[in-house]
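Right, one structure below, let's go through it.
Just so it is clear, none of the values below were taken in a lab; they were calculated from the coordinates. For clarity, every value in this text was computed on a predicted model and none was experimentally measured. Here Cβ is always computed from backbone atoms with ideal geometry, including for glycine, and neighbour counts include all displayed protein chains.
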């Protein structure tokens, strides 16, 4: 299936001619060709949390390289999750993918569709992966019972709340179900005349489809299958109706942006916020008030969808590289590395044993909020792993926005978006024949 | 220069209008610099006020520690400089041909030059990525330069200026026995200096801030540029790292501002006279 | 004689092609080749990352007709361009004329109006998200101080695009100002002296001398302005990602989404080609109308 692209000699010639003056102009800048020696691997990663992650990742990899003489990993920062995926896929298209990359877990079907992923099931089973990984995290890289990646930096949305505001409003604890959420949001709104000075609740925009899947799950619906989405089901429509109710009650902001909503919370213009666990450290250190973290309120059950992603290993590379890549991925997800990574970033350590280390226990004592997201992870699963997931997300977000703005009824919005998403999924599946 | 006699009066009037407007325009920059000197909690604390309580200069070294900004700075200078030099050569030659020479297909060819500005740049990324890869140039500095060597934009801009040069001037030079290239060099180029400077500033600013293309075609720190370092601070799950993002912005903008202040002095006086009295 | 003229003409043409060659070489490799690829891709089902292509014929173009989002982004793009560009050019012209002087402080003013162009879009976008924020954002604080109602700029679908347009005026007026400032230097100064001696007022000088004499550059600025909507891609990308409810989605952003985020290269190419052809037609129209009225000093 993966025929390599024929090379067109005329264009290569043209290319060489064009490159010439620049090559001579800038000596020493062209990177050297592959030398023999250690196995060289490229690892492309996005920055999820803050600038420091770059430093942390770079140090982790320097540490790995110093401990493994036969392997040399080059860490390549590749922008946001979307940028990383684009960079990897563009390289895949020319038959030259990096050895490993770290995308969002929703992209699993996209990469499988490109036949890009090495099947890790057997090597993982002969290791302790299946025993020690937290199943909810491991499963985000599983399709049809086969494992295609090692979960590295999972996150889920959680409910952040302003403890000072709760105290002032006389609310003792974070809301635990949808009705309490509505009531608390109503009680926390501050108005002056027609103007809202403080919202009761903001659902972080830009990723509100992620939160919406969580609401569906809380209402007992996993809103997608491998090749279609189910947002037209009554459970989903009921979830959106509940959002609409909170907006109509004047308790929840009808729209927001991802960056803006985090600012709003830290500036105190919303009392509650649905945002990623990945923001925990930033929220704690930048807010001028006490920050509470709670489970997202439930309906029928607790529920959340996982953000963040697994380390995936390219199929198209030599066996030596695959072996080295596995060594690296395993090291990155080993007990101590994961414990340190989780502490530094707010992401959730993927191994049970990581949570049992002394340093992690000491951290949880100091920052008990970190425990919340971990406990909630038990009720979480992969996020919208369908082909064409990126278009699916945008179509869904648009439908949610239009409903909140009052342009369209919840059921119509979801039915329309659902049909459109399924048509796009079919369009991609048609290629696979 | 409109009213040299009443310069003082005009100056007073001008400042009266311009000063408030300039302050309004500057306010985001003032905010950027102030924020770069705050602590993290101060940014969002409504009680904190506009000015930082203590000036936190540590945000600057903390920003620089995120990525090898020194290397990035050198690479940014190298790529924007190379692009500018190449562009000045290609657009001068082409614009002179379009403005001063007669040849077949002139309008058609000019239209072809404009295609570059009309086609959305992101639509060229895939094909250009493949081309550069076949040239073996992925992950090198030249990959950040070669797609921008020719500039339809610059050619158009400069052509308009060349056509503004009174023909008496160039005709005189031609009659003195100058060839086209000599006329171009000794007569036309000095006259359009302000346009060249304006184009230069715009080109440098544009490519200095390029983000998507460098992100796509480079992998190693040794060939990456400043905006990628800035991206590390801005594009985050958790909301931006405000204090350091603003410190980084100040760092990235400063060299440009310095360049602008130096070169805008060149917009002092017109060299040109119609010769009509 | 006539043979000499013919020979001179041929030499001139040869020289012209020689001068164009360097540009054309690079344009061929990095502009025309992508455009040709794009037309080829638009007839196929092409997925980023997958070397296989499937022939579709005109299916992608038919999709355009029923693609509501395409029409919406087209409308947004037109709205943005039609309002922002004339306003930005008008501001820029007034600034350029006002700042074209040897008076003290010009460097500061010019820098004050031009510096927004220099701020990297990632940072500028983030700053404006903050400036526009409801409640604590400085713009809303200013409105409140004036006793005006607060506005939730970026989160209301009717206001989000105007908010980006306002930011765009801040960002790009200085850009056009710089180009026009350079053009003013090409206006022969003796014309102003003559006008002043005749007692022509400042405003009349602007309309009857300055504008006609810099008309070549104004023409350039109008055409470049038409393509200006391409530049708000960055802000849409950083500030709103096209939302809420696609209210700020513009064609270039939609093309980027389709090609890179959705990997649907075939359809993204279709969109890009459609944009290219429409812009080409528009510019052709401007060239035969406005272009004819441009006055070049160097030509009679």
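For this structure, a couple of remarks:
- Residue ranges A:285-291, A:326-332 sort as A:326-332, A:285-291 when ordered by packing (mean number of other C-beta atoms within 10 Å per residue, highest first).
- Against chain B, whose longest principal axis is taken from its Cα atoms, helix B:152-162 shows a tilt of about 50°.
- Rg(Cα)/(2.2 N^0.38 Å) for the stretch A:195-351, N = residue count: 1.27
- Kirkwood hydrodynamic radius of the stretch B:82-277, from the reciprocal of the average inverse Cα-Cα distance over all distinct pairs: 19.4 Å.
- Measuring between their Cα centroids, the stretch B:198-264 and the stretch A:84-146 lie 33 Å from each other.
- The stretch B:14-57 pair-distance distribution - Cα-Cα, 5 Å bins, rounded %: 5, 22, 23, 16, 12, 11, 7, 3, 0
- Applying 1/(1 + (r/R0)^6) with r as the Cβ-Cβ distance of residue A:365 and residue A:290 and R0 = 22 angstrom yields a FRET efficiency of 0.80.
- For the stretch A:277-319, the Kirkwood hydrodynamic radius from C-alpha pairs, put into Stokes-Einstein at 20 °C and a viscosity of 1.002 mPa s, yields a diffusion coefficient of 147 µm² per second.
- Ellipsoid semi-axes for the protein assembly as shown, based on the Cα gyration tensor and the rule √(5λ), read 50, 34, 26 Å when sorted largest first.
- If you wrap the Cα atoms of the stretch A:369-433 in a convex hull and average its projected area over all directions, you get 6.4 nm².
- Efficiency of FRET between residue B:50 and residue B:265 - r from beta-carbon atoms, R0 35 angstrom, step 0.05: 0.60
- Chain C: most fluctuating residue of C:273, C:11, C:76 per GNM, C-alpha cutoff 10 Å: C:11
- Once the C-beta distance of residue C:78 and residue C:28 is scaled by a Förster radius of 22 Å, the resulting FRET efficiency is 0.10 to the nearest 0.05.
- Eigen-decomposition of the gyration tensor built on the alpha-carbon atoms of the stretch C:1-106 gives equivalent ellipsoid semi-axes of 40, 35, 15 angstrom, largest listed first.
- Within the stretch A:335-386, the proportion of C-alpha pairs whose separation exceeds 15 Å stands at 44%.
- When the stretch C:68-293 is reduced to its Cα atoms, the Kirkwood hydrodynamic radius in Å: 19.6
- Principal axis analysis of the Cα atoms in the stretch A:101-216 yields extents of 62, 29, 22 Å, listed in decreasing size.
- Of B:113, B:98, B:57, the one that fluctuates the most in a GNM where chain B has Cα springs shorter than 10 Å: B:57
- Other protein chain C-beta atoms within 10 Å of residue C-beta, averaged over B:150-163: 5.
- The helix-only estimate of mean residue ellipticity at 222 nm for chain A, built from DSSP H runs of length n ≥ 4 each weighted as -39500 (n - 2.57), is -14500 deg cm²/dmol after division by the residue total.
- Averaged over residues, the count of other Cβ atoms within 10 Å places the peptides A:240-252, A:357-369 in the sequence A:240-252, A:357-369, highest first.
- Counting DSSP beta bridges with both ends in the protein assembly as shown, the antiparallel % (nearest 5): 60
- For residues of C:134-143, the mean tally of beta carbons on other chains within 10 Å: 5
- Residue list for the stretch A:413-433, given a label point 7 angstrom along the Cα-to-Cβ vector of residue C:66 and an amide N cut-off under 16 Å: A:416-428
- Share antiparallel - DSSP beta bridges, chain A, percent rounded to 5: 60
- Mean partner shielding of peptide B:194-207, defined as the number of other chain Cβ atoms within 10 Å of each residue Cβ, is 4.
- Largest-first ellipsoid semi-axes for the stretch A:57-107, taking √(5λ) over the Cα gyration tensor eigenvalues, angstrom: 23, 14, 8
- Sorted largest first, the spans of the alpha carbon positions of chain A along the three principal axes are 71, 51, 49 Å.
- Histogram of C-alpha separations across the stretch C:78-164, 5 Å bin width, %: 3, 12, 14, 17, 20, 18, 11, 4, 1, 0
- Spacing of the modelled spin labels on residue B:17 and residue B:57, each 7 Å from Cα toward Cβ, amounts to 4.1 nm.
- When each of the peptides A:201-213, B:137-149 is scored by how many other beta carbons lie within 10 Å of its residues on average, the order from highest to lowest is A:201-213, B:137-149.
- Cβ-based exposure ranking for C:141, A:82, in which fewest neighbours within 10 Å come first: C:141, A:82
- The stretch A:49-155: projected area of the alpha-carbon convex hull, averaged over directions, in nm²: 7.8
- The three principal axes of the Cα atoms in the stretch A:188-249 give end-to-end lengths of 48, 21, 15 Å, sorted in falling order.
- Among C:277, C:148, C:43: highest mean-square fluctuation, GNM of chain C, C-alpha pairs under 10 Å: C:148
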